[in-house]
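Novice: Provided herewith is a single structure, encoded as structure tokens, for subsequent inquiry.
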Amino acid sequence: MRLPYDFPPFPGFRPEALDFLRALKQHNRRDWFRPRKAIYEDEVRWPMQCLVAEAGRELARRGLPLRGDPEQGLFRIYRDTRFSKDKRPYKTHIGAVLSRTGSRRDLGVVYIHVEPGASFLGAGFWKPGAAFLRRWRRKLLLESEAFLELVRHLQTHGLTLETDTALKRMPRGFEEAARSPVAKYLRWNSFLVSQDVADEAVLRPDFTQTVVRFAEIVLPLLKFGWDAMAT
């Protein structure tokens, strides 16, 4: 396995990377992808590995508890179609994470998504398990003002804390908190922030700094969840 320091600085994705992903969206078939796999490796996967490695090095330099692993942090291009009606074999984007161990399996990550016309940076906790949610909700209720200050911190940087799913009623054991200032958050099942990224931005080498700055801003949210896990 190659270590982060084995990778050169992120050069920026070339326009050929976005061209490839656009074409893959139009020709999402194995017989189209296989003879062009080298293009994917050179133009899409390799630059993303360089980005993750360089972001990880910069985060370490700043003493932030996030790692960039250019092997374990990248998601595969292949879709899992075993239980899906959609049998298209390939994703039409590339994604990677920065996390406490560098693995994409960690809970609480910074996510990098590169897709023509739909690139973004994301962070938070996506559909964590019941045990985590119980701890999160207890911490949220006990430290409600600190949590609301965290929400305001994100807002000052143009980020909105959101969820993709929420309970219709207060979760069991938290019914008496229905009038709490954090009541709506107690019903959430995910805690996410995202920032759109223009195509032009991912083509520039300084996109690394955009990723690192985003990680710095969202770190209090991640730490809140990590602390909840430890209680």
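The values are calculated or read from the model by the stated rules, or taken from the named source; none is laboratory data. As the structure is a prediction and not an experimental result, all values here were calculated from the model. Here the Cβ positions follow ideal geometry from the backbone for every residue, glycine too, while neighbour counts run over all protein chains shown.
Novice: Residues PRO4, PRO47: which one is crowded, with 21+ Cβ neighbours inside 10 Å and at pLDDT below 95?
Specialist: Sole residue among the options that is crowded, with 21+ Cβ neighbours inside 10 Å and at pLDDT below 95: PRO4.
Novice: Another question, then. Mind checking which residues of the stretch 181-201 are in contact with a helix residue (DSSP H, G or I) (Cβ under 8 Å, 6 or more places away or on another chain) and under 27 Å from ILE94 (Cβ atoms)?
Specialist: Across the stretch 181-201, the qualifying residues are ASN189, PHE191, VAL193, GLN195, VAL197, ASP199, ALA201.
Novice: Filter the stretch 146-174 down to the residues that are of a type in the set (Ser, Thr, Tyr) and in contact (Cβ under 8 Å) with a residue 12 or more places away in the chain, then identify the one that is farthest from GLN195 (Cα to Cα).
Specialist: Going through the qualifying residues, I end up with THR165.
Novice: Please list, ordered by first then second residue, the pairs with beta carbon atoms under 6 Å, 6 or more apart or interchain, first in the stretch 15-40 and at negative phi and outside any helix (DSSP H, G or I), second at pLDDT 95 or above and among the aliphatic types (A, V, I, L, M).
Specialist: none
Novice: Let me ask something additional. Return a yes/no flag: does the stretch 52-72 have any residue that is surrounded by 12 or more Cβ atoms within 10 Å (Cβ to Cβ), of a type outside the set (Lys, Arg), out of contact with any His (no Cβ under 8 Å at 6 or more places or on another chain) and over 21 Å from GLY108 (Cα atoms).
Specialist: no
Novice: Is it true that some residue in the stretch 168-190 is surrounded by 11 or more Cβ atoms within 10 Å (Cβ to Cβ) and within 14 Å of the chain's Cα centre (by Cα)?
Specialist: yes
Novice: May I pose another question? Of all residues in the stretch 107-146 being charged (D, E, K, R) and surrounded by fewer than 18 Cβ atoms within 10 Å (Cβ to Cβ), which is nearest to the chain's Cα centre (by Cα)?
Specialist: Within the stretch 107-146, the match that is nearest to the chain's Cα centre (by Cα) is LYS127.
Novice: Let me ask something additional. Would you check which residues across the stretch 86-145 are without any contact (Cβ under 8 Å) to a residue 40 or more places away in the chain and of a type in the set (Phe, Trp, Tyr) and list them?
Specialist: Answer for the stretch 86-145, where residues must be without any contact (Cβ under 8 Å) to a residue 40 or more places away in the chain and of a type in the set (Phe, Trp, Tyr): just TYR111.
Novice: Find all pairs meeting these conditions: Cβ atoms under 6 angstrom apart; at least six residues apart or on different chains; first residue within the stretch 41-54 and over 13 Å from HIS93 (Cα atoms); second residue at pLDDT below 95 and small (Gly, Ala, Ser).
Specialist: Hits for this filter: zero, empty list.
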